[in-house]
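Following: one structure in structure tokens, then a few remarks.
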Amino acid sequence: MTDLSMHNVKRHQLMTDLEYVRCPLCGADDARLLSIQKGIYRIVKCRLCRLIYLNPRPTQQAIAALYDEAYYKDPKVGYPDYLKTHDRYRDVIAEIFKERLQAVSQLKKTGRILEVGCAYGLLLDFFRKNGWETYGVEISKSSATYAQEELGLNVQNMPLQDADLPEKFFDVILMLDVIEHLPDHKIVFDAVRRVMKDDGILVAQVPWELSHWEKALLAIASGKKPGTIEPDAVPAHLLFFTPRTLRLMLEKHGLDVFKRGSGNYGRIRERVFPPSVDSRYLLGRVLKTIYYRLGLRRALRWMAPRLKQGSGIILYAKKRL
Ligand SMILES: [Zn+2]
């Protein structure tokens with residue numbers, strides 16, 4: 001079977017292997033429909049805790065199939081040409097890595113760091129160059145192999161809960177753009193708590209998608225209701241957090257938030273796939289002109305993270321002892 005037809009089979013499986021779930025945050029079975037994406041994926045909002053999630057969603061088996069090589073090939077789901085893109089935008093990447101290192105170093109000068117979902121290991125490599133003892137876990141075989149063989153990093157190609165890691169070992173654990181992909185949070189956060197030192201820190205970052213101001217603006221400008229436009233990477237993203245629901249998710253699993261940060265999500269991704277505004281609407285045309293061409297967007301994007309309103313939610317948490 002050729003690569004491409006294999007890929008199509010997998011996409012087809014994803015569309016068919018769906019399971020119905022209760023609210024992943026509060027367990028209720030009382031949600032209202034926000035939108036249907038790609039003609040099949042229902043995005044719903046829990047009436048009790050207000051978590052937004054995909055329901056039904058791909059089964060665990062279908063999700064596992066998603067994170068093989070296809071994840072780094074399909075532009076609609078994952079990150080195609082990951083390494084080439086990183087090379088092309090290395091100035092932006094360098095800036096993002098530096099910001100991350102600075103933010104972490106303010107809380108822990110140095111030590112052992114684990115990245116859950118480390119992809120090709122580029123950020124870990126950067127931390128290692130800055131004196132950190134680095135470890136990673138990554139479920140995608142192709143990217144884990146690159147991290148191990150090309151960068152010589154200590155990366156295990158498996159989910160965190162299956163990895164062979166000592167108890168109370170890490171000063172810092174990074175989960176960057178990972179939590180929104182997880183089908184079972186308890187098993188993963190139990191593992192996080194197990195391998196984290198008692199005074200260790202979890203850095204949890206997720207995209208702020210549907211209810212973020214910029215996304216609401218884009219929706220309105222395209223003649224849609226806020227919260228109804230297509231979020232990033234459906235069906236890879238299973239949950240769509242706000243700062244509040246992410247905090248509740250961490251607290252539910254024994255991780256107490258002590259600091260909130262903010263960043264701009266997908267700075268590279270949006271250069272590769274610029275957001276589209278529907279010009280059929282007057283507001284859409286106005287937005288295109290003022291927002292994109294006259295630089296209002298640049299200004300707001302500079303300001304937003306400083307007001308904790310950036311499109312990346314970052315929470316710092318400690319384990320409840
Ligand atoms: Zn709920």
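The values are calculated or read from the model by the stated rules, or taken from the named source; none is laboratory data. Because the structure is predicted, anything quoted here is derived from the model rather than measured. Every residue, glycine among them, receives a Cβ derived from its backbone with ideal geometry; neighbour counts consider all protein chains shown. Quick note on the areas: whole protein, heavy atoms, side chains included, nothing else; ligands and nucleic acids left out. Shrake-Rupley method; radii C 1.70, N 1.55, O 1.52, S 1.80 Å.
Taking the average, over residues, of other Cβ atoms within 10 Å as the packing measure, peptides 101-109, 32-40, 193-201 rank 193-201, 101-109, 32-40 from highest down. In plain terms, the chain from ASP190 to ARG297 could stretch by 34.5 nm, reckoned as 0.36 nm per residue minus the Cα-Cα distance. An oblate overall shape is assigned to the stretch 89-156, the ratio a/c of its alpha-carbon gyration tensor axes (a ≥ b ≥ c) being 1.5 or greater and a/b not exceeding b/c. For the stretch 83-319, the dipole from Cβ point charges (+1 on Lys and Arg, -1 on Asp and Glu) about the Cα centre works out to 1200 debye, to the nearest 20.
Remark: the stretch 83-319 carries 46 Å² of accessible area per residue (probe radius 1.4 Å; ligands, DNA and RNA excluded). The phi-based Karplus calculation (6.51 cos²θ - 1.76 cosθ + 1.60; θ = phi - 60°) puts the 3J(HN,Hα) values of the stretch 133-148 at 8, 10, 9, x, 10, 7, 7, 7, 5, 5, 6, 4, 5, 4, 4, 6 Hz, whole numbers, x for Gly and Pro. Spin-label model, ARG47 to PHE258: label points 7 Å out along the Cα-to-beta-carbon direction sit 4.0 nm apart. Taking 0.36 nm per residue of separation and subtracting the current Cα-Cα distance, fully stretching the chain between LEU165 and ILE36 would add 42.4 nm. Only helices enter the 222 nm calculation for the chain: every DSSP H run of n ≥ 4 contributes -39,500 (n - 2.57), and dividing by all residues gives -10000 deg cm²/dmol, rounded to 500. Select from LEU165, ASN154, LEU83 the residue farthest towards the positive end of the dipole of the stretch 83-319; place +1 on Cβ of Lys and Arg, -1 on Cβ of Asp and Glu, and compute about the Cα centre. Value computed over the given set: LEU83.
Sketch the reach of a paramagnetic label on TRP213 as a point 7 Å from Cα along Cα-to-Cβ, and name the residues of the stretch 226-258 whose backbone nitrogen lies under 17 Å away. Label zone hits: 226-227, 242-244. Mean separation of Cα pairs under 8 Å and 6 or more residues apart, divided by the residue count, gives the chain a relative contact order of 16 percent. Summarising the strand pairing of the stretch 83-319, around 45 percent of its internal DSSP beta bridges are antiparallel. For the stretch 171-212, a Kirkwood hydrodynamic radius built from all Cα pairs, placed in the Stokes-Einstein relation at 4 °C and 1.567 mPa s, yields a translational diffusion coefficient of 114 µm²/s.
Solvent-accessible area assigned to carbon and sulfur over the stretch 83-319 amounts to 53 percent, based on a 1.4 Å probe.
Per-residue 3J(HN,Hα) values for the stretch 211-216, derived from phi via the Karplus relation 6.51 cos²θ - 1.76 cosθ + 1.60 with θ = phi - 60°, read 9, 5, 4, 5, 5, 5 Hz in sequence order (x marks Gly and Pro).
For ALA31, the residues whose amide H sits under 5 Å from its own are ARG47, ignoring neighbours fewer than 5 places away on the same chain, with H placed 1.01 Å from N. Please work out whether the chain counts as rounded, prolate or oblate from its C-alpha gyration tensor, where a ≥ b ≥ c are the square roots of the eigenvalues and a/c under 1.5 means rounded, while otherwise a/b larger than b/c means prolate and anything else oblate? Taking the square roots of the gyration eigenvalues as a ≥ b ≥ c, the chain is rounded.
Between the C-alpha center of the stretch 141-178 and that of the stretch 230-248 there is a gap of 23 Å. Simple spin-label estimate for THR289 and LEU101 gives 4.5 nm between the two label positions (7 Å along the Cα-to-Cβ direction from each Cα).
Cross-link candidates for LYS129: which lysines have Cα within less than 25 Å, leaving aside residues fewer than 8 places away along the same chain? List returned: LYS84, LYS98, LYS108, LYS109, LYS141, LYS168, LYS197.
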